[in-house]
Amino acid sequence: MKLMILCGGQGTRLREETEYRPKPLVEVGGRPILWHIMKLYAHYGLRDFVLCLGYRGNMIKEYFLDYEAMNSDFTISLGKHAIEYHDIHEEQDYKVTLADTGLESMTGGRVARASRFVKDDLFMVTYGDGLSNVDIGKLLEFHKSHGKLATVTTVRPTSRFGMLNCTPDNHVTSFTEKPLLDGWASAGYFVFHRKIFDYLGGDDCILEREPLERLAREGQLMSYKHDGFFFAMDTYREYVSLNEMWARGDAPWKVWGKP
């Protein structure tokens, strides 16, 4: 099964890091956040990736072209340019398609442009900046069980601020630091039937607007509720938070390597 990862946005809210690199290459624990996302899916057996490139996409291409050399000791025979690699890294069986989906394309436009690489009925889509410990196997089972065209993984949103209740005369009666809010928010981690391509338009198509809104109206969109960890790296503060989690050994999204 193919997994599309949306890697083309400019990441303007994280300009401290994305001025010189695409957001999927911004590092968490010394590795691009893209690597962490791929490791999650690979843990559940999905190792066939389609990266939808846009802003500074050439840097992502260079990252994978150099991947063997940067992750192995090697011997190079100068003149012949023959290279012998001496190590086998854990990503040896990954298949990565790097697809240029346009500099200014919106999310739906990127999925539409990369549709030619999807041959099976089902495929998955996620964003290149969100980390989670969602059980991909259970997500797929859920999608197959309901028979609809689309599944979106949802999480309970958390307030960025402490929330309090006040009396009319300004006495605080309760205070909760960053509580869970009512309702559910999209975390991405989509599963789609290929019929979704019929819902997509041109490069200006925003996946989260007309396509998903129409699927919801038609009863073709289901929610997989995830009660575990999810964290989107949208700002510099969130970039720092993820790196701090990794540094202290508290990275809930690192499900690979566990028994």
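In table form, for the structure just shown:
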{"item": "Residues being of a type in the set (A, V, I, L, M), touching a Leu at 6+ places or on another chain (Cβ under 9 Å) and modelled with pLDDT under 85 - total across the range 123-171", "result": "1"}
{"item": "Test: residue in the range 97-108 that is over 25 Å from F190 (Cα atoms) and not aliphatic (A, V, I, L, M)", "result": "no"}
{"item": "Helices (runs of 4 or more DSSP H) wholly inside the range 57-150 that include at least 1 residues being within 25 Å of P22 (Cα to Cα), among the small types (G, A, S) and in contact (Cβ under 8 Å) with a residue 24 or more places away in the chain", "result": "57-65, 107-113"}
{"item": "Single residue of the range 183-221 satisfying the filter (within 16 Å of the chain's Cα centre (by Cα) and buried (at least 20 other Cβ atoms within 10 Å of the Cβ)) that is farthest from G137 (Cα to Cα)", "result": "L207"}
{"item": "Subset tally (residues that are surrounded by 15 or more Cβ atoms within 10 Å (Cβ to Cβ) and either farther than 19 Å from L6 by Cβ or β-branched (V, I, T) (or both)) for the range 114-132", "result": "3"}
{"item": "Any hit, the range 72-89, residues being aliphatic (A, V, I, L, M), surrounded by fewer than 21 Cβ atoms within 10 Å (Cβ to Cβ), touching a His at 6+ places or on another chain (Cβ under 9 Å) and over 15 Å from L34 (Cα atoms)", "result": "no"}
{"item": "Which listed residue is among the charged types (D, E, K, R), surrounded by fewer than 16 Cβ atoms within 10 Å (Cβ to Cβ) and within 15 Å of the chain's Cα centre (by Cα), from R31, R15", "result": "R31"}
{"item": "Any chance Y63 is over 27 Å from M1 (Cβ atoms) and touching a helix residue (DSSP H, G or I) at 6+ places or on another chain (Cβ under 9 Å)", "result": "no"}
{"item": "The one condition in (1) in a helix (DSSP H, G or I); (2) without any contact (Cβ under 8 Å) to a residue 60 or more places away in the chain that F49 fails to fulfil", "result": "(1)"}
{"item": "Check on Y224, surrounded by 15 or more Cβ atoms within 10 Å (Cβ to Cβ), among the aromatic types (F, W, Y) and in a helix (DSSP H, G or I)", "result": "no"}
{"item": "Test: residue in the range 172-186 that is modelled with pLDDT of 85 or more and part of a strand (DSSP E or B)", "result": "yes"}
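The values are calculated or read from the model by the stated rules, or taken from the named source; none is laboratory data. The shown structure was predicted, so the numbers you read here are calculated from the model rather than taken from an experiment. Using ideal geometry, Cβ is built from the backbone for each residue, glycine included, and neighbour counts are taken over all protein chains shown.
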